[in-house]
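S.K.: Just dropping this structure here.
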Amino acid sequence: MIICDENVDFLEKIAQKISSKDVELIFLDNEQMRNLNLEQRGIDKSTDVLSFPLVDIAKNLPLGSIVINFELAKEKAKELNHSYKEEISLLFIHAMLHLIGLDHETDKGEMREKEKELINFFKLPKSLIVRNES
């Protein structure tokens with residue numbers, strides 16, 4: 001189950017495909033995301049998505065939190081000529097994979113392969129895969 005104030009029913013299937021645990025989903029604007037990125041990672045710029053996994057110390061804890069920058073998501077969707085919903089889906093998939101322990105910065109391509117698999121499974125535009133291979 002996704003815990004969020006916005007209507008994100010379209011993300012439930014993605015969440016359930018990746019993990020049975022609950023996930024908190026938060027939407028921020030550019031400035032709020034910049035502040036969070038600075039506070040949590042020491043990087044003074046906005047970003048499109050951040051994920052914060054919870055340590056699995058109890059079965060009933062959520063998997064973690066996902067924070068999506070809705071302003072950047074809208075800009076990127078327009079730039080790549082796909083829908084905002086599709087952009088949010090990609091960011092959500094990316095963050096969920098981080099929450100389950102995958103990391104494209106340190107693995108040997110496993111996370112990118114899993115992203116491709118999920119993008120194909122959910123019939124998302126292939127342009128989303130190409131963007132993440134760079």
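Every number in this text was worked out from the coordinates using simple rules, so none of it is lab data. What you see is a predicted model, and the numbers here were worked out from it, not measured in a lab. Cβ: placed from backbone, ideal geometry, glycine included. Neighbour counts: every protein chain shown.
S.K.: Straight distance only, please: which lysines reach the Cα of residue 59 with their own Cα at less than 17 Å, same-chain residues fewer than 8 apart left out?
M.R.: Answer for residue 59, where 17 Å is the Cα cut-off: 21, listed by chain and number.
S.K.: Same structure again: Students often forget the sequence filter, so: which lysines lie under 22 Å Cα-Cα from residue 76 once same-chain residues fewer than 8 apart are removed?
M.R.: List returned: 45, 85, 114, 116, 123, 126.
S.K.: Shape verdict for the chain, please, from the Cα gyration tensor: rounded (a/c under 1.5), prolate (a/b greater than b/c) or oblate.
M.R.: On the way: a/c = 1.27, a/b = 1.07, b/c = 1.19.
It comes out rounded by the Cα gyration axes.
S.K.: Quick one: dipole size for the chain, taken about the Cα centre, charges +1 on Lys/Arg Cβ and -1 on Asp/Glu Cβ, in debye to the nearest 20.
M.R.: On the way: 18 positive and 25 negative charges, 88 e Å.
Rounded to the nearest 20 debye, it is 420 debye.
S.K.: Just going by the charge dipole of region 1-102, with Lys and Arg at +1 and Asp and Glu at -1 on Cβ, which of 94, 30, 67 is farthest out on the positive end?
M.R.: 94
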